[in-house]
Structures are given as C-alpha cells and as structure tokens.
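Trainee: The structure follows.
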Amino acid sequence: MDRVPFGPRAWEITFDATTPAELLRDVHAELLDLYLEDHHSDQNHLFEDATSPHEVYTPLLTRGWSHSVKTDGTQTFLPPDGLGGVRHRYATTRSEGPTWRAWGGYPSEPHWQAQFSAAAPTTLAAAFTASLISTEPLHRAVKQIPFHTRRHLYVAPAGAPQPPNRPTPAMPPTGHTTGRTR
C-alpha cells in the first residue's frame with residue numbers, strides 16, 4: 001500500500017465523547033480487521049470498499065425500524081421506541097457532509113452522535129449498525145441511564161430470557177462501564 005504519511009484526509013468517522021463504548025469497540029475491531037486484511041494482501045478495503053449501503057440498513061429494517069425517504073437524497077431509519085436513529089445521505093458529493101449519521105436518544109436532544117464521511121468504508125458503518133441493534137445485555141448503573149429514557153428499560157436477572165420486542169435488559173454494573181442506551 002503506497003500512501004503518503006500525513007497526507008490529505010481520505011475519510012473520517014467522528015464519535016461524541018458519550019458514544020457508547022460497545023459501538024466504538026465494534027467499529028474499531030472492524031477497522032483493525034480491514035487494516036490487517038489490506039496489510040497482508042493486495043487488497044485496499046480501507047479506500048476501495050465494495051460493501052453495499054443496504055448491508056448497513058437491512059439489519060435495522062429486519063429489527064422493525066421504520067424507514068422514510070426524502071427527495072433531498074436522504075433516508076432515515078428510526079427504532080420502534082424512537083430513541084435513536086440512522087440517517088443515510090445517498091445522493092452525495094464529497095463536500096456535502098457525512099454520508100451516515102447516527103444518534104442515541106431523542107432526535108432533538110441526542111445523548112450521543114456518530115458520523116461517517118462520504119469516503120468512509122461502508123463496512124465500518126455496517127459494523128456500527130450491527131452493534132447498535134445487538135441484543136447482547138449491557139451492564140449499566142441506573143445513574144448512567146438518562147432520566148427521561150429510563151422508562152424504556154427492561155430489567156431482568158442475569159441469564160433470564162428476554163421477552164420479544166422489548167429493549168435490552170439493564171444489568172447491574174460489574175466494574176467499569178460506560179453509558180449506552182439502545
């Protein structure tokens with residue numbers, strides 16, 4: 001891979017400081033996988049990603065997220081509880097801002113946000129949304145959950161089966177935790 005160190009930025013992904021650690025972990029794990037695959041082959045997935053956008057949003061639709069399309073070239077996906085969303089700018093040029101934008105919480109007052117620029121590998125956005133809809137229980141203290149979203153929690157003892165169509169259980173913390181609400 002011939003790249004000029006510290007050259008112009010090809011793409012970027014930004015996360016708020018409050019973006020849940022699990023989302024960051026999953027995107028970074030996929031980024032590392034792409035880098036290692038590129039490093040040990042003649043591939044260039046970090047700059048020539050062939051992943052289709054539907055691989056980012058199809059999992060959202062299969063989990064019951066709504067979908068709306070606007071004539072401005074954007075489509076928005078919202079979860080059934082309305083606490084978050086993903087917006088895809090499918091009619092874009094490099095200078096129009098992020099291709100993918102996600103947020104947690106109410107759209108008017110998001111608790112966190114993430115953005116993927118136009119040239120960012122779609123594979124990374126797909127890893128992000130897969131993590132976003134994960135049903136793996138998260139360990140949180142009640143004080144880590146924003147007050148106005150606590151009514152959306154389902155609390156269950158460890159190992160208890162989760163009722164269908166319910167939010168992920170909030171489990172008591174077992175050490176260092178971060179604030180993630182789904």
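The values are calculated or read from the model by the stated rules, or taken from the named source; none is laboratory data. Please read these numbers as outputs of a predicted model, since none were measured by experiment. In this analysis, Cβ positions are derived from the backbone assuming ideal geometry, glycine residues included, and neighbour counts consider all displayed protein chains. These area figures cover heavy atoms from the full protein model, side chains too; ligands, DNA and RNA do not enter into them. Shrake-Rupley method; radii C 1.70, N 1.55, O 1.52, S 1.80 Å.
Trainee: Say whether the condition of being open to solvent by less than 40 Å² (accessible area, probe 1.4 Å), among the hydroxyl-bearing types (S, T, Y) and closer than 19 Å to G105 by Cα is met by at least one residue in region 33-51.
Mentor: no
Trainee: Could you give me the residue pairs with C-beta distances under 6 Å whose first residue belongs to region 24-51 and is touching a residue at least 12 places away in the same chain (Cβ under 8 Å) and more than 16 Å from E12 (Cβ to Cβ), whose second residue is polar (S, T, N, Q) and part of a helix (DSSP H, G or I) wherever it lies, and which are 6+ apart or on separate chains?
Mentor: D26/S131; T51/T122; T51/T123
Trainee: If you don't mind, there's one more thing I want to ask. Which members of region 52-96 meet the condition of being out of contact with any strand residue (DSSP E or B) (no Cβ under 8 Å at 6 or more places or on another chain) and touching a residue at least 24 places away in the same chain (Cβ under 8 Å)?
Mentor: Result: S52, E55, P59, R63, G64, D81, T92, T93, R94.
Trainee: If we scan region 102-113, do we find a residue that is open to solvent by 20 Å² or more (accessible area, probe 1.4 Å), at pLDDT 95 or above and not aromatic (F, W, Y)?
Mentor: For region 102-113, residues open to solvent by 20 Å² or more (accessible area, probe 1.4 Å), at pLDDT 95 or above and not aromatic (F, W, Y): present.
Trainee: Taking region 4-63, which residues are in a loop (DSSP other than H, G, I, E, B) and polar (S, T, N, Q)?
Mentor: Selection gives T18, T19, S41, Q43, N44, T51, S52.
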